[in-house]
Structure formats: structure tokens, C-alpha cells
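Derivation of every value follows stated rules applied to the coordinates shown; laboratory data play no part. Please read all numbers here as calculations on a predicted model, not as lab measurements. Don't worry about glycine lacking a Cβ; one is built from the backbone with ideal geometry, like all the others, and counts go over all protein chains shown.
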Amino acid sequence: MSILAGTVPERAAEIIIRYNMLPATGRIGVAVSGGADSVALLHILCGLRSDLTVLHINHHLRGEESDGDEAFVRELSQSLGLSILVEHAAPAPGNLEEEARRARRAFFLRCREELGLTCIALGHTRSDQAETVLFRLLRGSGLTGLAGMRPITEDGFIRPLLAVGREEVRSWAREQGLTWREDSSNADLRFSRNRLRRETIPELTRTYNPNLEGVLAGLASLAQTEESYWNEQVEGIYGRISVRSQLGSFFQIDQLNALHPALQRRVLRRAIQDLRGDLAGIDLAHVEAILSLCASREGHDRVLIPGVDALRSFDELLLAKPGVLSDRPRNYRLPLEFGRKYELPFGAGFLTLDYFCANFKKEQHFVGEVSNLDAGVLAGKELSVRNWLPGDVLHRAGHRTAEKIKSLFQLYRIPLWERRHWPVVVAGEEIVWARQFGGAARFGVSGENREIVRLAYHAVNRKV
């Protein structure tokens, strides 16, 4: 975003026009903390529109000072003839700055929905943008993170002061005789943002580049343009090579590896955003950790990043929310009767047992697995279907010894997330049949026996 000429209101108006920030009709929310930037923004917008609603959140972090901020904003709104909505919300435990930011965002979005606001104006300046870019750079962000704050967002936030420096805003406010509140916590160097603002950026400006703020803000603008182009490209690719399900997003490793590294990273970021709803706390190291899983198509590997459980099993990659796989119930057992179709629990598929003659002509349109079993051997046995359990073995026809089903999972390259509810049919505790691995040799149909039991199974495609 280029540095514009003119007064602060003129430059804000130019940004508003350039990005079409203000719709012709509809009420606009203005976030006002009581500080210089938000107070200046409110006065500027009052010169353009009358249909404004002031939004203020009191975190109660500074005792009487926080209450004083609230009282100041209420009086300011009344003096301008504007309605105001105040939220009282202490940040959740954790990183104080991040949780306070989350609370404000949630409040603003709720106001937008409940009050029917067309957009919400925030008082971020070019100085805030420079701090954001440098902070993300130092934290190891990729190019997407260096795009910083957008002038206008899809969820309705606008930043009319993003091309104006903080000191310019304050100088203009003093000239207009405006008053505001100073937040004492802005001087607390325990917060990394304050150290950047008060120590790091001033020192870099003195030592390396007097226009550092403009350079960093310009980098954000350039990155935004680049990201806008890439987002259009990535959306189609992500839709083509990923499959969404109730578990998360699936990828075939070879399809992901076939992409250029730049596209790999962006596709994964798109998948993470799809899963979590945002990319907060996600940096380049997290994306690279997931990509490292894809270096092999053998065995299994796993990595946890904020809000994402990335699991590779053979040639598939699954991105799921933490706990989705381990927290799902596992065990089930159903008694089986002939002639009924069973829908197995947890989406484990459909199974039918029935009697057929040996000369029965198979259905032409059945899609699934069919095993013919000896009715005589099964006679009098109590049959049931359950999930696979560790230690289960199956003696397949044509094999000299029984094999562990766990070993067959490896042989047939069954992904880990498919195994939890894998169906097996048992007579008592002896396995008669297992999905994909077929029937046990002892229960197979002999050449002389013309009475058979037909077991038909078809899976549910969870990747929808």
C-alpha cells in the first residue's frame, strides 16, 4: 500500500474509496478502545456517515483504568449522538495478548450478526502493520504471514487508517483538539509487541533505514497482492487433490509431492484453515513438519501442530483435529441372523448373510466383497460381527498357517484410521471372515457341498 498525500481524513477517505470499504447503506460498527487511533477513526467516520454504532470491550485487566476507558468511550459516543454497545469479557487463560484479541474478535463478529452491521471499522495504522510484519518475520512466518493485516477482510473488518502512521494520526488528533485515553499496559515491556514498538523498531530505524515503517508496510502490501493471486490458484488445486470427511482432509502422498514446493505449502495451509477455521499460530515450521511426513510412502508417521493432528499411513496423509481419531469409540459386537442386512456401527459398512445354492448366479450389480462359506461347517454355530482386536488371527485358504490380522493390515497397506472398526465375523471367538482378507480356510466351500452361505459386504465411503 503506497503512502498517500493529503490530510489524515483525506488519506483515510482515499483508502475507503480504493477498497470500496463502506457500502452505500447499512449500519457500520466502529471499534473504539478510547486510544488515539480509534478515537481519530471515529471522528473521521462521523464526517462521512451518521449510521455508526460504537463497539467497546472492557477486559477488566487494569482495574479502575479499564473502567475509566469504558466511561470515556460512553461519554464520547453520547457527545457524538451515537449508539454504543459494551462487552465485559476477561481474556481466557493462556497468552494474554492472543486471548484478548480472540475475545475482541468474537465480540465484534457477534455484534455484526446480531445488529446486522455491514462492516466493522478497526483503528489499525501503518505503524501497527509494520509491527505485525516484523513480529511475524522474527517468529518464522512464511510469505502468507508477511501479508500482515488486510485493509478489508471477508468477514467484514475494514481498516481505513492502514496507510497512515501512528504519529501522524496523533498529530492530526491534537490539531483537532481531540482527547483520548492512554493505555498504561502499552509501556509494559513484558509484552513482545511493546518491545518491538518501543525498542526494536526505533533502533532499526535509527541504525538501518529511517523509512523502515514504510518498507515493512510496503512488504505487506506486496505480499497481499502475491497471496491474492496464489489463493485463486490454490483453491482449485486443493479441491482437486483433497478429500474432506468427518475425520478431516485426506491427501494422496504422490499427488501432493507432485506439486511445486510453493504450491505444497499453500495447499497445506488451505487445508489447515479448512480444518481449524483460521491460521492463528501456524508458521512455516509447522507446514514444513507436515511436508516432512510426506518424504516416505512406507509405514506410518505423525506430527502434532497447533490445532492439527497430521498422520501419514503408507501413501495417504490425513489432517484431523487432535483427539478425533483416539477419542472415537471402538468396540462393537452384533449377533448375526441369516437373511438380514446389517448396518455396522461407526460407519463400518453393511453386511448380509444368506443361504444360496452352489449354482446361484451372482448379482451383476453388487459392488463390494462376496465370500462363499460352507453351510454345513457353520451349522449350529452362533455367529456375530465385531471390530478387529489385537491378537486376532485368520487362516486364509491356500495358506499353510494362520496370520495375524495386524500383519495383513501391513501387507494390504490398510491406513491406520481405517483399522479401528474393521469388521470380522466370528463363530464363538474363531474368525470366520475378515473384511478384504476373505474367509477362513476351514469355513470355505468344498467341491462336494452344494449348500453355501453367501456373505456380502460393502464399505461406506467415509471420504465424503
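Across region 8-221, Cα pairs under 8 Å and at least six residues apart give a relative contact order of 27 percent.
Restricting attention to the chain, lysine pairs at least eight places apart or on different chains and with alpha-carbon atoms under 30 angstrom apart total 15.
Only Cα pairs under 8 Å and 6+ residues apart enter the sum, and on that basis the relative contact order of the chain stands at 12 percent.
Ranked from highest to lowest mean number of other Cβ atoms within 10 Å per residue, what is the order of the peptides 342-354, 35-47, 198-210, 252-264?
35-47, 342-354, 252-264, 198-210
Region 179-200 and region 89-109 have Cα centres spaced 18 Å apart.
Step by step: find N for region 333-458, compute 2.2 N^0.38 Å, then divide the Cα radius of gyration by it. What's the final number?
Dividing the Cα radius of gyration by 2.2 N^0.38 Å gives 1.02.
Scattering from region 8-221 was approximated by placing one identical point on each alpha carbon and applying the Debye formula without solvent; log10 I(q)/I(0) at 0.12 1/Å stands at -0.64. A convex hull fitted to the Cα coordinates of region 245-320 yields 76 cubic angstrom per residue.
Relative contact order for region 245-320 using alpha-carbon pairs under 8 Å, separation at least 6, rounded to a whole percent?
Details: 99 pairs, mean separation 28.0, N = 76.
It comes to 37 percent, rounded to a whole number.
Kirkwood radius for region 184-315, taken over all pairs of different Cα atoms as the inverse mean of 1/r, rounds to 17.5 Å.
Packing, as the average of other Cβ atoms within 10 Å across residues, places the peptides 213-220, 18-25 in the order 213-220, 18-25, highest first. For region 115-189, the C-alpha radius of gyration divided by 2.2 N^0.38 Å, with N the number of residues, is 1.30. Between helix 96-115 and the chain, what is the angle of the helix's C-alpha long axis to the longest principal axis, kept within 0 to 90° and rounded to the nearest 10? Computed tilt is about 90 degrees.
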